[in-house]
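Have a look at the structure below before the remarks.
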Amino acid sequence: MKASILLAAGLLLVSAVHAEERLPELPRLAIDPDDIGVIGISSGGYMATQLAVAWPERFKGVAVLAAGPWSCAQGGLGQALGQCMATRRGPPDLAGLNVRLRDYQARGLVGEAAELATLRAFVWHGEADSVVDPSLGVALAEQMTGWLADPDAQLRVVQSPGVGHGWPIEGNELIPPSQLAQCRAGGGTHLLACGIDISGEALTWLHGPLEPPVDRATGRLLRFDQSPFAARGLGDAGYVFIPEGCESGGCSLTLALHGCGMADEQVKEAFILHSGLNEWAESNRRVVLYPQATTSLANPQGCWDWWGFTESTWQLDPLHDTREGVQVQALMTMVERLEETPEE
């Protein structure tokens, strides 16, 4: 009897611990479906373009930092490494990628050309980037020029001399020095201390004149359960920044995608807290969604899937860069949850 009582008590204790560890769900915030932007760095930049091409009617604009053309890897890791990070295999074949895009459009796997033509786009690359060759950012801009109705009005391309691979930030005394990386060398958190507010430049281009950022974001940062959006390569938890007043609806949304080595399991909340997005979001009634990828044997750096590792192993041509891609679907389901009206 005594042993049974002890066992029951132990089970109750375990249940209580699990209850405490259970994360809240991603809230329904009735965000404005007409003002959604996506911004990503490195693998997150490749994923941002995949989302924008798959669902251009859902996004007002896309900002891509330190990444190359859409679908560059074409489902192969060797191609990703040899032509979409380095250029050992030569430059990407933009004409071939355009054929791939038209094929996808004909099969209804991505958005229509007319919808893609309406996007606003921002492309940034550091000229000292030793991880993703800067020429790939130029190739992405050339690719986008062929998509957009009026590239001069819709596309902004920025190349920063002396800046390496990462997310450049303006920086302030509130950011611990341990959370910053050298502007040219990069590494670490990949938050580059360059004195450049790339978040502000990108958001202003995508969404028009904005109010200046607050000095310090004080909105609610919620760590939420990602398991309802289960997809290979997703972490257990994601984050969402909610400015005051956005719980009742009507705010805009920025979907922010970290790069390889920048997920919370690798750099904790450095990117989420110090990218500069939250300060702009708070003064402009923008919710910021920070989904999190995770590491695995197939993906040791915790990258977003831009070469097809999440799809079935038997697929010769994985559809990771289409509406059927498992991570694309998971991310869009998160957006749809945020669009829903809060329950009474």
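Since every read-out is calculated from the coordinates, none of them should be taken as a lab result. This is a predicted model, so every value here is computed, not measured. Ideal geometry is used to build each Cβ from the backbone, glycine not excepted, and the neighbour counts take in all protein chains shown.
Brief remarks follow.
- Backbone amide hydrogens, once placed in the peptide plane, bring Val287 within less than 5 Å of Ser252, Leu253, Thr254, excluding anything fewer than 5 places away on its chain.
- Using the Karplus relation 6.51 cos²θ - 1.76 cosθ + 1.60 with θ = phi - 60°, the per-residue 3J(HN,Hα) values for segment 77-92 come to 5, x, 5, 4, 6, x, 10, 10, 10, 8, 10, 4, 8, x, x, x Hz, with x marking Gly and Pro.
- For Gly40, net neighbour charge (Lys/Arg +1, Asp/Glu -1) across residues whose Cβ lies under 14 Å away: -2
- Qualifying trypsin sites (Lys or Arg not before Pro) in segment 141-229, DSSP loop, other Cβ atoms within 10 Å at most 16: Arg216
- Between 0 and 90 degrees, the angle of helix 2-21 with respect to the longest Cα principal axis of the chain falls at about 30 degrees.
- Summed side-chain charge close to Tyr104 - residues other than Tyr104 whose Cβ falls under 14 Å, Lys, Arg +1, Asp, Glu -1: -2
- Ranked by how many other beta carbons lie within 10 Å on average, peptides 290-296, 230-236 from highest: 290-296, 230-236
- In this label model, Ala185 and Ala117 are separated by 4.9 nm, measuring between points 7 Å along each Cα→Cβ vector.
- The simple Förster model, with R0 at 30 Å and r as the Cβ-Cβ distance, assigns Glu57 and Glu170 a FRET efficiency of 0.35.
- The Rg/Rh ratio for segment 26-105, using Cα coordinates for both the radius of gyration and the Kirkwood hydrodynamic radius, is 1.05.
- Cα-projected label distance for Ala298 with Leu221, points at 7 Å along beta-carbon direction, nm: 3.1
- For peptides 57-66, 280-289, sequence by mean Cβ density within 10 Å, most packed first: 57-66, 280-289
- Restricting attention to the chain, close to 25% of DSSP beta bridges with both partner residues there are antiparallel.
- Here the relative contact order of segment 25-339, from alpha carbon pairs under 8 Å that lie six or more residues apart, stands at 24 percent.
- Measuring nothing but how far apart in sequence close Cα pairs (under 8 Å, 6+ apart) lie, relative to its length, segment 243-344 scores a relative contact order of 26 percent.
- Net length available on complete extension from Glu265 to Gln79 is 64.2 nm, with 0.36 nm assigned per residue and the Cα-Cα distance removed.
- 3J(HN,Hα) along segment 125-132: 8, x, 6, 9, 5, 9, 9, 10 Hz, from the Karplus curve 6.51 cos²θ - 1.76 cosθ + 1.60 with θ = phi - 60°, whole Hz, x for Gly and Pro.
- On Cα atoms only, tilt of 43-54 relative to the major axis of the chain in degrees: 80
- Rounded to 10°, Cα long-axis angle of helix 198-207 versus longest principal axis of the chain: 80
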